[in-house]
Amino acid sequence: MLADAHTDLLMELAHRQHRLGETNVFARTWLPLFEAAGVGLQVCPIFVPLEHQPEGTLRHALGQATSFHAAARENPGRVCVVRSRDDLETVERGERIGLVLALEGVEPFGYETWGVDLFWELGLRVAGLTWNRRNPFADGAAEDGGLSGLGRSLLDRLADRGIVLDLAHASERLFWECLERYRGRIMVTHAGCRAVHDHPRNLSDDQLRALGERDGLFGLMLHPLAIGPEQRTIERAIDHLDHAAGVLGAERLCLAGDWTGRLAEFLPHAPTPDALMPPGLEEGSSIEGLAGHEDYPELVAALVARGWEDERLEGLLSRNLLRLLRESLPA
């Protein structure tokens with residue numbers, strides 16, 4: 001079984017459902033890919049592109065949440081929304097594929113914190129404060145600030161609900177402030193190792209070490225932005241995993257596809273100045289041999305060839321992420 005910590009599929013589902021009028025979209029598009037690759041759990045982030053902000057932020061976020069729930073409602077025997085430990089047990093028994101609702105940036109909250117309660121009721125269980133840019137709560141990886149006063153209040157509200165805090169797009173200052181302040185569980189859903197490829201979206205060894213000391217989880221982002229555009233290979237991706245395992249431990253690693261090729265083809269949009277894309281790397285680029293969920297078996301085979309096996313391999317593929325969710329989800 002595979003558990004994926006980050007794939008931006010909700011934008012496609014929402015566009016097909018709300019703009020093109022399609023029905024049972026998930027069953028015709030992503031579900032066959034999940035089943036073919038053995039994906040048993042998928043974290044599904046809500047992300048609102050810059051062109052819809054600020055006026056349409058909440059509307060587009062709620063549209064994606066609607067499509068998230070439609071995926072489970074229209075496929076009741078094959079898919080479930082993971083809200084609690086009971087739901088997670090259903091996934092672990094292999095009875096249904098589990099979907100976890102996440103936020104990639106809390107811009108839908110506007111300048112209020114009560115949005116936490118609304119999105120919790122919608123199933124929110126993982127939340128990142130930012131994308132790369134600054135918002136009223138915090139600074140992303142393209143900025144150099146940290147938490148605002150409003151952001152500190154938001155952290156308390158997120159912790160009260162037991163939501164896992166995602167620091168994948170955090171500025172370095174924000175990363176350290178959240179590690180010190182947040183009372184709940186912390187993970188970095190999709191990033192790389194800065195020691196292997198130096199990029200603002202990747203974590204330094206000090207950050208990896210500190211994340212491990214908090215019993216956090218690090219998800220490797222299977223995208224050339226994190227892996228390195230000059231060596232966009234499966235072997236280079238495993239270099240990141242080997243390095244991270246040596247710094248914070250293999251029991252604190254998971255995978256995050258962050259497959260953007262399909263999305264860029266279906267919903268093309270102009271890159272934003274704070275996308276942090278290096279010159280020559282286009283939207284929708286992928287690692288050679290890793291373009292989507294259907295290619296996970298190729299990665300698994302390469303991992304086995306590099307000596308990943310037994311509990312170490314199973315932990316990376318699913319058990320580590322399942323454990324963190326089990327320890328954070330309500331009963």
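The values are calculated or read from the model by the stated rules, or taken from the named source; none is laboratory data. These numbers were taken from a predicted model, which means no experiment stands behind them. Heads up, the Cβs are rebuilt from the backbone with ideal geometry, glycines too, and the neighbour counts pull from every protein chain shown.
Here are the numbers:
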{"read-out": "From the options 309, 283, 314, residue that is at pLDDT below 95 and acidic (Asp, Glu)", "value": "283"}
{"read-out": "Some residue of segment 73-86 being over 30 Å from residue 137 (Cβ atoms) and of a type in the set (Ser, Thr, Tyr)", "value": "no"}
{"read-out": "Number of the exception - residue 13 against (1) in contact with a Gly (Cβ under 7 Å, 6 or more places away or on another chain); (2) buried (at least 20 other Cβ atoms within 10 Å of the Cβ); (3) of a type in the set (A, V, I, L, M); (4) more than 27 Å from residue 327 (Cβ to Cβ)", "value": "(1)"}
{"read-out": "Positions within segment 235-264 being touching a residue at least 40 places away in the same chain (Cβ under 8 Å), more than 13 Å from residue 7 (Cβ to Cβ) and not in a helix (DSSP H, G or I), in sequence order", "value": "253"}
{"read-out": "Top-ranked residue of segment 128-148 - restricted to ones that are in a loop (DSSP other than H, G, I, E, B) and among the hydrophobic types (A, V, I, L, M, F, W, C), ranked as surrounded by the fewest Cβ atoms within 10 Å (Cβ to Cβ)", "value": "142"}
{"read-out": "Total residues in segment 260-272, condition at pLDDT 80 or above and within 18 Å of residue 132 (Cα to Cα)", "value": "2"}
{"read-out": "Of residues in segment 161-177 being surrounded by fewer than 20 Cβ atoms within 10 Å (Cβ to Cβ) and touching a residue at least 40 places away in the same chain (Cβ under 8 Å), the one nearest to residue 251 (Cα to Cα)", "value": "162"}
{"read-out": "Looking only at segment 15-49, and only at residues there that are within 26 Å of residue 271 (Cα to Cα) and of a type in the set (A, V, I, L, M), the one that is nearest to the chain's Cα centre (by Cα)", "value": "43"}
{"read-out": "Subset tally (residues that are outside any helix (DSSP H, G or I) and modelled with pLDDT of 95 or more) for segment 30-54", "value": "10"}
{"read-out": "Matching residues in segment 195-233 - criterion: being farther than 29 Å from residue 327 by Cα, of a type outside the set (A, V, I, L, M, F, W, C) and outside any loop (DSSP other than H, G, I, E, B)", "value": "224"}
{"read-out": "Extreme residue, farthest from residue 94 (Cα to Cα), among residues of segment 286-321 that are in contact with a strand residue (DSSP E or B) (Cβ under 8 Å, 6 or more places away or on another chain) and polar (S, T, N, Q)", "value": "320"}
{"read-out": "Some residue of segment 68-81 being within 29 Å of residue 274 (Cα to Cα) and touching a Lys or Arg at 6+ places or on another chain (Cβ under 9 Å)", "value": "no"}
{"read-out": "Matching residues, segment 126-135, being under 19 Å from residue 272 (Cα atoms) and either of a type in the set (A, V, I, L, M) or more than 15 Å from the chain's Cα centre (by Cα) (or both)", "value": "129, 133, 134, 135"}
{"read-out": "Subset of segment 156-191 [in a loop (DSSP other than H, G, I, E, B) and farther than 20 Å from residue 85 by Cβ]", "value": "167, 168, 169, 171, 182"}
{"read-out": "Matching option when the condition is more than 25 Å from residue 229 (Cβ to Cβ) and either without any contact (Cβ under 8 Å) to a residue 60 or more places away in the chain or part of a loop (DSSP other than H, G, I, E, B) (or both), among 307, 315", "value": "307"}
{"read-out": "Set 290, 276, 267, 263: member being over 23 Å from residue 17 (Cα atoms), out of contact with any Leu (no Cβ under 6 Å at 6 or more places or on another chain) and of a type outside the set (Val, Ile, Thr)", "value": "276"}
{"read-out": "Counted residues, segment 273-299 - those being surrounded by 16 or more Cβ atoms within 10 Å (Cβ to Cβ), within 18 Å of residue 202 (Cβ to Cβ) and without any contact (Cβ under 8 Å) to a residue 60 or more places away in the chain", "value": "2"}
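Conditions (1) in contact (Cβ under 8 Å) with a residue 12 or more places away in the chain; (2) outside any loop (DSSP other than H, G, I, E, B); (3) acidic (Asp, Glu); (4) buried (at least 24 other Cβ atoms within 10 Å of the Cβ), marked per residue:
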{"residue": "90", "(1), (2), (3), (4)": "no, yes, no, no"}
{"residue": "100", "(1), (2), (3), (4)": "yes, yes, no, yes"}
{"residue": "103", "(1), (2), (3), (4)": "yes, yes, no, yes"}
{"residue": "108", "(1), (2), (3), (4)": "yes, yes, no, no"}
{"residue": "111", "(1), (2), (3), (4)": "yes, no, no, no"}
{"residue": "117", "(1), (2), (3), (4)": "yes, yes, yes, no"}
{"residue": "120", "(1), (2), (3), (4)": "yes, yes, no, no"}
{"residue": "126", "(1), (2), (3), (4)": "yes, yes, no, yes"}
